[in-house]
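**Student:** Have a look at this one before I ask anything.
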Amino acid sequence: MAEKSTAAALFSRSKPEMATNEDLYGWAKELVDLTLQYPQYRRYGTEGDNAATNWIADKFRSFGIENVEQQYYDVNIQQYDDYHLFVNNEEIPSFFMHGATFTKPEGLDAELVYLGDHVDPNEDYTGKIVLVDLPSQDRLPTTAIAKFGTFVYDPEEFFNDQHSISAGVPRNFPVSYYSAADRGAAGFIGIWCDWLSGSAKVYPDPTFRVQPRIPGMFVGKYEGEKLVERLKNGEKLTANMILQGEAKTTKTNNVVAILPGQKKETILVSTHHDCGFAGAVQDGSGVVTLLGIAKYFSKIPSNFRQKTLVFVADSAHYDFNYPMGANKFLEMNPEIFKNIVLTVGVEHIAAYCEETKEGFIPAGGPEPRYIFAPPNKMIQQICASAIASNNMVRTVIPPCGAVNFLGENQSYFLRNYPSISMMSGPKYLFSEDDTLDKLPKEHLQSAMATFISIIDKCMYLPPVWISNIDM
C-alpha cells in the first residue's frame, strides 16, 4: 500500500500556497479602511469607487498578472449630499431613500399621515407626506433550507430547528412607495419597524431601490414609533423633508485581469466592488475571494492552465440595469465571450448574526449560503465535492430553477452560459451594519478554496462536458 501511495504522489503536480484567512481578512481591511475615507463610500461613480478600483487593479498587478485593465463606461447616478427630516421643526434622524426625487433647497412641507403597512388604493393622499411601516420578510427556519437543497453540507448540524434567517428586504416595499405616489402623496417616509438597532441607514440595490417619483426617506424603528404614537394621540404633525444632491452622468469602471491558458476556452470569475457603506460583506468578501483565486492561479505555470482565466470586479451593481457592470463587460468584450465555457460568481461571505438593539452581533460561523450550479450532474458533483473537501459549512446547492439565480453573473446565466454562483443574504447586507466585524475571518479561505477546486477541475473538462444538460 505504501508503494502505491508513493507512486501516486509522483503523478501529483505541486500546487502553490493559497491565500490564508489572515491574507484575505487583511485585504478586506485595506479595502474597508480605504472606503471609509470617502463620504460616498464605494457608491458607483464616486471618488471612493474610483479609489477602490485603483486599489483592486494594483492588487492584481502585485500578483504578477500583466494583463490588467480598468474598463471605463458612463453611468447615471443620483448622489445625495444633504438630507434632513424635520417634524414640527424638530430634526428627526433619517436617511435618504436611494433613487427618490430631490426636493427644492428649502425642502418639502406637508402634513404627515400614518398609513400602517398598507397604502389604501381607495384613499386620496394628495399633498400629504405618508408615514409607512416597512416590515421585514418572515424569518425562514434553517430546517426548510436543509430539506430544500439537492446537496447540503452541514457537518455541525446548524440547519436545525434552533436557527432561522431573515433577509433585509421589506415585504411591502417598494410597492408601497409607488402606490403612495399614485394616490397623490407628496412624499414618503418609511419606518424600518422590525430593525431592532433603530438604524435608518439602508442603501439598497435594485432589489428595493426606487425610481424617482416623489421624495422619500427612511427613519429607524424607535423614531418611527414615536411619530406614530404622536399621530395616534391626535397630534397634528407637519413634516419638512430636505433631499439635496445631484443627478449626473459620470464614469465608473470594471477591473479586468486575464491569465492566458493553453487554449482560448475561457472561465470567467466575477464579483462586484461597489457598495453603499463600508461594504465588508457586500462585496468586500467577494473582492478578496476573487483576488485570492487570481493570486493562486497566477502562480501556476501557464502550461498547467489549460483554459484562459478572466477575473472581473464589476461596478454599478446598484444601477437599475442590473447587474450593470456585468452587462457592460459583456457589451465591451465580445471577443472574450466567444470563448466563455463557464462563469463563476463569488459574493457574500457573511457572519451569522443575532439582531439586537446594539446592532447585528456575530453569533458564530457564517450566514448560510447557496451555491447555484447548472443542471449538469458532473458539475454539480464537482461543486458538492469541493464544498465538502474544503469544509465550506452551512452551504446548500438548491434545485435548478427552484430559486431565481442570484449573483453578479446572472446576466451570463440568462444568456445560457453555464454558470455557478455563491450567494448569501444576511439582513444587514445593504445597511450601515455591513462592517468589518461581519466578515467570518476563519471561514474566508474555505470559500475561496472551494472555488479554486471547482475551477481547477473544470480547467481540464471539454467544453461540451460543461455545457451538457442532464438534470
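**Student:** Looking for whichever is within 24 Å of THR266 (Cα to Cα) and either touching a Cys at 6+ places or on another chain (Cβ under 7 Å) or not hydroxyl-bearing (Ser, Thr, Tyr) (or both) here; the options are PRO440, PRO426, PRO398, PRO418. Which one fits?
**Tutor:** Numbers: PRO440 fails: within 24 Å of THR266 (Cα to Cα); PRO426 fails: within 24 Å of THR266 (Cα to Cα); PRO398 fails: within 24 Å of THR266 (Cα to Cα).
The conditions single out PRO418.
**Student:** Residue by residue through the range 407-452, note down the ones that are closer than 14 Å to ASP283 by Cα, open to solvent by 10 Å² or more (accessible area, probe 1.4 Å) and among the aromatic types (Phe, Trp, Tyr).
**Tutor:** Listed by number, the list holds a single entry, PHE430.
**Student:** Here's a follow-up. Checking GLY224 against (1) in a strand (DSSP E or B); (2) open to solvent by less than 10 Å² (accessible area, probe 1.4 Å); (3) among the small types (Gly, Ala, Ser), only one condition comes out false. Which one?
**Tutor:** (1)
**Student:** So, one more: Filter the range 364-374 for residues that are open to solvent by 20 Å² or more (accessible area, probe 1.4 Å) and closer than 14 Å to ALA447 by Cα and give the result. Walk me through it before giving the result.
**Tutor:** From the range 364-374, those open to solvent by 20 Å² or more (accessible area, probe 1.4 Å) are 364, 370; that's our starting set.
Of everything in the range 364-374, just one residue is open to solvent by 20 Å² or more (accessible area, probe 1.4 Å) and closer than 14 Å to ALA447 by Cα, namely TYR370.
**Student:** Checking GLY401 against (1) open to solvent by 20 Å² or more (accessible area, probe 1.4 Å); (2) modelled with pLDDT under 95; (3) closer than 19 Å to PHE159 by Cβ, only one condition comes out false. Which one?
**Tutor:** (3)
**Student:** Take the residues of the range 159-193 that are modelled with pLDDT of 95 or more, open to solvent by less than 60 Å² (accessible area, probe 1.4 Å) and part of a loop (DSSP other than H, G, I, E, B): which is farthest from ASP124 (Cα to Cα)?
**Tutor:** CYS193
**Student:** Only one of these is among the aliphatic types (A, V, I, L, M) and over 18 Å from TYR177 (Cα atoms): VAL132, VAL87, VAL119, VAL113. Name it.
**Tutor:** Values: VAL132 fails: over 18 Å from TYR177 (Cα atoms); VAL119 fails: over 18 Å from TYR177 (Cα atoms); VAL113 fails: over 18 Å from TYR177 (Cα atoms).
Only one candidate passes the filter, namely VAL87.
**Student:** Exactly one condition in (1) modelled with pLDDT under 95; (2) touching a Phe, Trp or Tyr at 6+ places or on another chain (Cβ under 9 Å); (3) more than 30 Å from GLY401 (Cβ to Cβ) is not met by PRO121; state its number.
**Tutor:** Just one mismatch for PRO121, condition (2).
**Student:** Checking ASN160 against (1) in contact (Cβ under 8 Å) with a residue 60 or more places away in the chain; (2) more than 23 Å from LEU85 (Cα to Cα); (3) among the polar types (S, T, N, Q), which single condition isn't satisfied?
**Tutor:** (1)
**Student:** Look at LYS232 and say whether it is open to solvent by 40 Å² or more (accessible area, probe 1.4 Å) and touching a Phe, Trp or Tyr at 6+ places or on another chain (Cβ under 9 Å). Working first, answer last.
**Tutor:** Values: open to solvent by 40 Å² or more (accessible area, probe 1.4 Å): yes; touching a Phe, Trp or Tyr at 6+ places or on another chain (Cβ under 9 Å): yes.
Spelling it out, LYS232 is indeed open to solvent by 40 Å² or more (accessible area, probe 1.4 Å) and touching a Phe, Trp or Tyr at 6+ places or on another chain (Cβ under 9 Å).
**Student:** Here is a further query. Residues in the range 145-155: is at least one in a helix (DSSP H, G or I), among the small types (Gly, Ala, Ser), at pLDDT below 95 and open to solvent by 20 Å² or more (accessible area, probe 1.4 Å)? Before you say what the answer is, go through the steps one by one.
**Tutor:** Keep residues of the range 145-155 that are in a helix (DSSP H, G or I), which gives 145-148.
Next, only the ones that are among the small types (Gly, Ala, Ser) stay: 146.
Then keep just the ones that are at pLDDT below 95; that gives 146.
Checking the rest, the ones that are also open to solvent by 20 Å² or more (accessible area, probe 1.4 Å) come to 146.
Yes: the range 145-155 contains one or more residues that are in a helix (DSSP H, G or I), among the small types (Gly, Ala, Ser), at pLDDT below 95 and open to solvent by 20 Å² or more (accessible area, probe 1.4 Å).
Per-residue answers, yes or no, for (1) among the hydroxyl-bearing types (Ser, Thr, Tyr); (2) within 20 Å of ALA51 (Cβ to Cβ); (3) surrounded by fewer than 19 Cβ atoms within 10 Å (Cβ to Cβ); (4) under 24 Å from the mean Cα position of the chain (by Cα):
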| position | (1), (2), (3), (4) |
| --- | --- |
| PRO215 | no, no, no, no |
| GLN244 | no, no, yes, no |
| THR252 | yes, yes, no, yes |
| LEU259 | no, no, no, no |
| HIS273 | no, yes, no, yes |
| GLY276 | no, yes, no, yes |
| GLY286 | no, yes, no, yes |
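**Student:** Taking only pairs six or more apart or across chains, which ones have beta-carbon atoms under 6 Å, a first residue in the range 248-263 that is over 14 Å from ARG43 (Cα atoms) and part of a loop (DSSP other than H, G, I, E, B), and a second residue that is open to solvent by less than 10 Å² (accessible area, probe 1.4 Å) and not aromatic (Phe, Trp, Tyr)?
**Tutor:** Pairs found: GLY261/LYS307; LYS263/LYS307.
**Student:** Let me spell it out: the conditions are (1) buried (at least 21 other Cβ atoms within 10 Å of the Cβ); (2) assigned to a helix (DSSP H, G or I); (3) out of contact with any Pro (no Cβ under 8 Å at 6 or more places or on another chain), and LEU330 meets all of them except one. Which number is the exception?
**Tutor:** (1)
**Student:** Okay, next question. Has the range 14-21 got at least one residue that is at pLDDT below 95 and open to solvent by less than 60 Å² (accessible area, probe 1.4 Å)?
**Tutor:** yes
**Student:** Restricted to the range 42-54, and to residues that are crowded, with 19+ Cβ neighbours inside 10 Å and of a type outside the set (Val, Ile, Thr), which residue is farthest from MET18 (Cα to Cα)?
**Tutor:** Here is the first cut: in the range 42-54, the ones crowded, with 19+ Cβ neighbours inside 10 Å are 42-46, 48-50, 52-53.
Checking which are of a type outside the set (Val, Ile, Thr) leaves us with 42-45, 48-50, 52.
Details: ARG42: 28, ARG43: 30, TYR44: 30, GLY45: 33, GLY48: 29, ASP49: 28, ASN50: 28, ALA52: 23 Å.
In this case the residue turns out to be GLY45.
**Student:** Which residues, counting only those in the range 333-363, are of a type in the set (A, V, I, L, M) and surrounded by 17 or more Cβ atoms within 10 Å (Cβ to Cβ)?
**Tutor:** Matches in the range 333-363: ILE336, ILE340, VAL341, LEU342, VAL344, VAL346, ILE349, ALA350, ALA351.
**Student:** Something else about it: Working only within the range 375-398, note down all residues that are closer than 11 Å to SER453 by Cβ and either open to solvent by 20 Å² or more (accessible area, probe 1.4 Å) or aromatic (Phe, Trp, Tyr) (or both).
**Tutor:** If the condition is that a residue be closer than 11 Å to SER453 by Cβ and either open to solvent by 20 Å² or more (accessible area, probe 1.4 Å) or aromatic (Phe, Trp, Tyr) (or both), then ILE382, SER385, ALA388, SER389, ASN390 are the ones that fit.
**Student:** (1) open to solvent by less than 10 Å² (accessible area, probe 1.4 Å); (2) in a helix (DSSP H, G or I): which one isn't true of ASN303, the others all being true?
**Tutor:** Going through the list (1) open to solvent by less than 10 Å² (accessible area, probe 1.4 Å); (2) in a helix (DSSP H, G or I), ASN303 breaks only (1).
**Student:** Scan the range 328-351 and report the pairs whose first residue is farther than 21 Å from ASN391 by Cβ and whose second residue is of a type in the set (Phe, Trp, Tyr) and surrounded by 21 or more Cβ atoms within 10 Å (Cβ to Cβ), with Cβ atoms within less than 7 Å and a gap of 6+ or a chain change.
**Tutor:** THR343/TYR412
The values are calculated or read from the model by the stated rules, or taken from the named source; none is laboratory data. Because the structure is a prediction, the values reported are computed rather than measured. We place every Cβ from the backbone using ideal geometry, glycine too, and count neighbours over all the protein chains shown. Just so you know, the surface numbers come from the protein's heavy atoms only, side chains and all, with ligands and any DNA or RNA stripped out. Shrake-Rupley method; radii C 1.70, N 1.55, O 1.52, S 1.80 Å.
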